[in-house]
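Engineer: Could you have a look at this structure, given as structure tokens, before my questions?
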Amino acid sequence: DMKVTQMPRYLIKRMGENVLLECGQDMSHETMYWYRQDPGLGLQLIYISYDVDSNSEGDIPKGYRVSRKKREHFSLILDSAKTNQTSVYFCASSSANSDYTFGSGTRLLVI
Amino acid sequence: QQKVQQSPESLIVPEGGMASLNCTFSDRNSQYFWWYRQHSGEGPKALMSIFSNGDKKEGRFTAHLNKASLHVSLHIKDSQPSDSALYFCAELSGSFNKLTFGAGTRLAVCP
């Protein structure tokens, strides 16, 4: 079964702490994405990775960085988390025909 | 302002009724459009794509595209309670299959 797996599902962090969100896919897709979802704003693109160590900023990259050392894994890092980074984060990967497969999301609360 | 505008924000239809969701884009160069559906607690899942003017039907779902008016719509015939979800339209742009999403329409189908 083709899928994108995100860990953890829920996370609570204090302001200023570092946060690591992890994502894996089993479809050998080259391209992977990180989005965040906030009420009334839809899904906003944070970063795109088009292969190992080949990453590009999305629409809202400020405060985030990413790491992709293996094709099947893509990590999102928040250095010194802020309260306005409380959100639901989704990872996705896509095939050549642009059909995205999303993970189930990580719900991050920064207090 | 969102590049992709969706309307209405929310919609209630009776079971067996027709649900109509709308989307307006700002980029005349957009060529490819997607509809995604997200049930509560899950990641978005692709419903269907459309890139030619006119209608595309898949089961109870029909997408309609009018590039001249920058408009795409989704019509759900014989709506079921299981269709209750958040629906996103998205336009494909640039390289690396970047999808830009609207804010979503929340559909409730009442028995």
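Engineer: Would you say A:Val66 is modelled with pLDDT of 95 or more and within 14 Å of another protein chain (Cβ to nearest Cβ)?
Structural biologist: yes
Engineer: Also, I was wondering about something else. Please verify whether segment B:55-72 includes one or more residues that are in contact with a His (Cβ under 9 Å, 6 or more places away or on another chain), within 27 Å of A:Trp34 (Cβ to Cβ) and within 14 Å of chain A (Cβ to nearest Cβ).
Structural biologist: No; the residues of segment B:55-72 include none that is in contact with a His (Cβ under 9 Å, 6 or more places away or on another chain), within 27 Å of A:Trp34 (Cβ to Cβ) and within 14 Å of chain A (Cβ to nearest Cβ).
Engineer: Just to verify a result, which residue in segment B:78-111, among those that are touching a His at 6+ places or on another chain (Cβ under 9 Å) and hydroxyl-bearing (Ser, Thr, Tyr), is farthest from B:Arg37 (Cα to Cα)?
Structural biologist: B:Ser82
Engineer: Another question, if that's okay. Would you please list the contacts, defined by Cβ atoms under 7 Å and residues six or more apart or on different chains, that run from a residue in segment A:94-110 that is among the charged types (D, E, K, R) to a residue that is assigned to a loop (DSSP other than H, G, I, E, B) and at pLDDT 95 or above?
Structural biologist: A:Arg107/A:Arg9
Engineer: Here's something else I'd like to know. Being of a type outside the set (Asp, Glu), part of a strand (DSSP E or B) and facing another protein chain (nearest Cβ under 9 Å) is true for just one of A:Leu45, A:Leu108, A:Leu76. Which residue is that? Steps first, please.
Structural biologist: Values: A:Leu108 fails: facing another protein chain (nearest Cβ under 9 Å); A:Leu76 fails: facing another protein chain (nearest Cβ under 9 Å).
The match here is A:Leu45.
Engineer: Could you list, in sequence order, all residues of segment B:78-88 that are within 13 Å of the chain's Cα centre (by Cα) and either away from every other protein chain (no Cβ under 14 Å) or assigned to a loop (DSSP other than H, G, I, E, B) (or both)? Can you show your working first?
Structural biologist: Kept after step one, since they are within 13 Å of the chain's Cα centre (by Cα), are these residues of segment B:78-88: B:83, B:85-88.
B:Asp83 - this is the single residue of segment B:78-88 that is within 13 Å of the chain's Cα centre (by Cα) and either away from every other protein chain (no Cβ under 14 Å) or assigned to a loop (DSSP other than H, G, I, E, B) (or both).
Engineer: If you take the residues in segment B:68-111 that are among the β-branched types (Val, Ile, Thr) and in contact with a helix residue (DSSP H, G or I) (Cβ under 7 Å, 6 or more places away or on another chain), which one is nearest to A:Ala96 (Cα to Cα)?
Structural biologist: The initial filter retains those residues of segment B:68-111 that are among the β-branched types (Val, Ile, Thr), namely B:72, B:76, B:100, B:105, B:109.
Right, trim to in contact with a helix residue (DSSP H, G or I) (Cβ under 7 Å, 6 or more places away or on another chain) and you get B:76, B:109.
Working: B:Ile76: 27, B:Val109: 34 Å.
Filtering segment B:68-111 for residues that are among the β-branched types (Val, Ile, Thr) and in contact with a helix residue (DSSP H, G or I) (Cβ under 7 Å, 6 or more places away or on another chain), the one nearest to A:Ala96 (Cα to Cα) comes out as B:Ile76.
Engineer: Can you tell which of B:Lys57, B:Lys45, B:Lys67, B:Lys77 is within 27 Å of A:Tyr50 (Cα to Cα) and surrounded by fewer than 17 Cβ atoms within 10 Å (Cβ to Cβ)?
Structural biologist: B:Lys45
Engineer: Is there any pair with a first residue in segment B:89-101 that is more than 7 Å from every other protein chain (Cβ to nearest Cβ) and over 20 Å from B:Glu9 (Cβ atoms) and a second that is surrounded by 22 or more Cβ atoms within 10 Å (Cβ to Cβ) and among the small types (Gly, Ala, Ser) whose Cβ atoms are under 7 Å apart and which are 6 or more apart or on different chains, and what are they?
Structural biologist: none
Engineer: Still on this model: For segment A:39-58, does any single residue satisfy the condition of being within 14 Å of the chain's Cα centre (by Cα), surrounded by fewer than 17 Cβ atoms within 10 Å (Cβ to Cβ) and of a type in the set (A, V, I, L, M)?
Structural biologist: For segment A:39-58, residues within 14 Å of the chain's Cα centre (by Cα), surrounded by fewer than 17 Cβ atoms within 10 Å (Cβ to Cβ) and of a type in the set (A, V, I, L, M): absent.
Engineer: Being in contact (Cβ under 8 Å) with a residue 40 or more places away in the chain and open to solvent by 50 Å² or more (accessible area, probe 1.4 Å) is the filter here, so list the residues in segment B:1-21 that pass it.
Structural biologist: Scanning segment B:1-21 gives B:Gln2, B:Lys3, B:Gln5, B:Ser7, B:Glu9, B:Ser10, B:Ile12, B:Pro14, B:Glu15, B:Met18.
Engineer: Quick one: would you say A:Gly24 is closer than 21 Å to B:Ser40 by Cα and at pLDDT 95 or above?
Structural biologist: When the stated conditions are applied, A:Gly24 does not pass them.
Engineer: Continuing with this model, one more query. Can you name the condition, by its number, that B:Asn29 falls short on among (1) closer than 28 Å to A:Glu30 by Cβ; (2) away from every other protein chain (no Cβ under 14 Å); (3) part of a strand (DSSP E or B); (4) in contact (Cβ under 8 Å) with a residue 60 or more places away in the chain?
Structural biologist: Going through the list (1) closer than 28 Å to A:Glu30 by Cβ; (2) away from every other protein chain (no Cβ under 14 Å); (3) part of a strand (DSSP E or B); (4) in contact (Cβ under 8 Å) with a residue 60 or more places away in the chain, B:Asn29 breaks only (3).
The values are calculated or read from the model by the stated rules, or taken from the named source; none is laboratory data. These figures come from a predicted structure and were not determined experimentally. For neighbour counting, all protein chains shown are included, and Cβ atoms are generated from backbone atoms with ideal geometry for every residue, glycine included. All accessible areas refer to the heavy atoms of the entire protein, side chains included, with ligands and DNA or RNA removed. Shrake-Rupley method; radii C 1.70, N 1.55, O 1.52, S 1.80 Å.
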